[in-house]
Amino acid sequence: MYCLIKPLSDKFKNALDPEGLGLVIIGKHHCMHSRGSGIHHRSSVTITSAFRRSFRTSQSTREEFYKNI
């Protein structure tokens, strides 16, 4: 998912010119999920994130961001 989130976060940053940017993508592998594959069910979710500007430099900003999602 890194090949997806980096260009997306860069596009948002360049288009909006925000003070900071936090982006999270949560993806489910539907084939694993729909089969109800027991122990593999937990691994059927992938979470990736990207931070730019103030979100990258400020730990407290990232913590607040994660609390709100």
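Within the stretch 13-32, the residues that satisfy the criterion of being open to solvent by 100 Å² or more (accessible area, probe 1.4 Å) and either at pLDDT below 85 or in a helix (DSSP H, G or I) (or both) are Asn14, Leu16, Lys28, His30. Among the candidates Ile47, Ile69, the residue that is modelled with pLDDT under 90, surrounded by fewer than 11 Cβ atoms within 10 Å (Cβ to Cβ) and in a loop (DSSP other than H, G, I, E, B) is uniquely Ile69.
The values are calculated or read from the model by the stated rules, or taken from the named source; none is laboratory data. Model, not experiment: these values are computed from the prediction. Glycine also receives a Cβ, built like all others from the backbone with ideal geometry; neighbour counts cover every protein chain displayed. We work out accessible area using only protein heavy atoms, side chains counted, and drop any ligands, DNA or RNA first. Shrake-Rupley method; radii C 1.70, N 1.55, O 1.52, S 1.80 Å.
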